[in-house]
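These notes are about the structure you will find just below.
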Amino acid sequence: MKIAIAGATGRIGSQLTSLSRKAGHEVVEIARETGFDLLAPGDELVAALDSVDTVVDVTACPLDQAATFFPTVARNIGSAATAAGVRRSVVLSIVGVDRSPDYDYYVAKLAQERAYRESAPGVVVLRATQFLDFAAQMLEWNTQDGVARIIDVPTQPVATGEIVRLLLEIVTGDVEGDVELAGPTRENLVDQVRRLVEQSGQDVRVEAVAAPESLAQGAMLPGPDALLRGPSFEDWLAERA
Ligand SMILES: NC(=O)c1ccc[n+]([C@@H]2O[C@H](COP(=O)([O-])OP(=O)(O)OC[C@H]3O[C@@H](n4cnc5c(N)ncnc54)[C@H](OP(=O)(O)O)[C@@H]3O)[C@@H](O)[C@H]2O)c1
């Protein structure tokens, strides 16, 4: 099968590229690093999608660009995929994007999903929960002068390896229709960050701060039909130690 991966150089994209190749598929890598700016692609995107069966979008951008980036890239990929005769388009989204009008990043991801459905062929959406290392990212991004200010939200994080495996199952048609994916155990983000700090012995005080109301109320948690796969945060922490 020939698969185009938009965001092939990213965290999810690079793992998906390597797993797809290991499984014997041909991969077209799409990113600025490989010569494609998806915000302003020329005819070369349609040419790159020639004879591609499925295009997967695992692109990402800085938070303050999300409102424009996600729907624009979705429409650009959607119209190029349609012109090239691609049969299926798979997009990686986030659990809860349809329940969080008070959180701009999720509003942008929902706009991405809608733009795909309006413009791309054979759309399938995988909504995943936070990556297992999301707590580590939050610690890095939100620590200043020895204090980490972390939003107080329930989460059910999942391993990136499981997201990648499921994306490939969707690409090959082994899993059909839109799907939600989460890890096996419910956590609290502030508590996760405290455990990380404790494990690493960093001199950082972790403070809980208020989250957008929808997230505080559990919008990031999976629904009853979600697939639950992979290691727990506790197992992941133990592995890092
Ligand atoms: N973090 C989480 O907990 C979480 C949970 C669920 C879902 N997600 C979703 O997972 C997706 C992937 O996240 P990630 O962390 O793997 O992303 P990432 O590591 O930041 O990678 C982003 C990719 O997008 C490409 N890209 C950015 N701007 C581009 C442009 N203008 N044109 C072409 N390519 C561009 C980058 O390549 P170049 O820089 O070379 O262009 C890179 O390959 C995101 O959509 C995110 O919303 C994240």
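The values are calculated or read from the model by the stated rules, or taken from the named source; none is laboratory data. On a predicted model such as this, the values are computed, not experimentally measured, just so you know. So basically every Cβ, Gly included, is an ideal-geometry build from the backbone, and we count neighbours across all protein chains shown. The area values use the complete protein model at the heavy-atom level, side chains included, leaving out ligands, DNA and RNA. Shrake-Rupley method; radii C 1.70, N 1.55, O 1.52, S 1.80 Å.
What whole-number value in Å² describes the accessible area per residue of the range 46-88 for a 1.4 Å probe?
44
Write down Rg/Rh for the range 83-168, rounded to two decimals, with Rg from the C-alpha atoms and Rh from the Kirkwood relation over Cα pairs.
1.06
Express as a percent, rounded to the nearest 5, the fraction of DSSP beta bridges in the chain (both residues included) that run antiparallel.
Expressed as a percentage, antiparallel bridges in the chain total about 10.
Compute the long axis of helix 66-84 from its Cα atoms, compare it with the longest principal axis of the Cα atoms of the chain, and write down the angle in degrees, 0 to 90, nearest 10.
Once rounded, one gets 30 degrees.
Taking a probe of 1.4 angstrom, what is the accessible area of GLU29 in Å², to the nearest 10?
For GLU29, solvent-accessible area is about 60 Å².
How large is the dipole of the range 2-240 about the Cα centre if only Lys and Arg carry +1 and Asp and Glu carry -1, each at its Cβ, rounded to the nearest 20 debye?
Dipole of the range 2-240, to the nearest 20 debye: 300 debye.
When the scattering of the range 1-132 is computed by the Debye formula from its Cα atoms alone, each counted once and equally, what is log10 I(q)/I(0) at q = 0.10, 0.12, 0.17 Å⁻¹?
Treating every Cα as an identical point scatterer, log10 I(q)/I(0) equals -0.28, -0.41, -0.84.
I'd like to know how the chain sits against the 2.2 N^0.38 Å rule of thumb: what's its Cα Rg over that expected value?
1.03
With a sphere of radius 11 Å drawn around the Cβ of SER93, what net charge do the other residues whose Cβ falls strictly inside it have (Lys, Arg +1; Asp, Glu -1)?
-2
For VAL171, what charge total do you get from the other residues with a beta carbon under 10 Å from its beta carbon, if Lys and Arg give +1 and Asp and Glu give -1?
-2
Of the heavy-atom accessible surface of the chain (probe 1.4 angstrom), what whole percent is carbon and sulfur?
Whole-percent figure for carbon plus sulfur exposure: 47.
Each label point is 7 Å from the Cα along the Cα-to-Cβ direction; what then is the distance between the points at GLN65 and TRP141, in nm?
Label at GLN65, label at TRP141, 1.5 nm between them.
Taking the Cα atoms of the range 95-220, report the difference between the largest and smallest coordinate on each principal axis, in whole Å and largest first.
So the three principal-axis extents are 50, 29, 21 Å.
On a 0 to 90 degree scale, rounded to 10, what angle separates helix 189-200 from the longest Cα axis of the chain?
Compared with the principal axis, the helix lies near 80 degrees.
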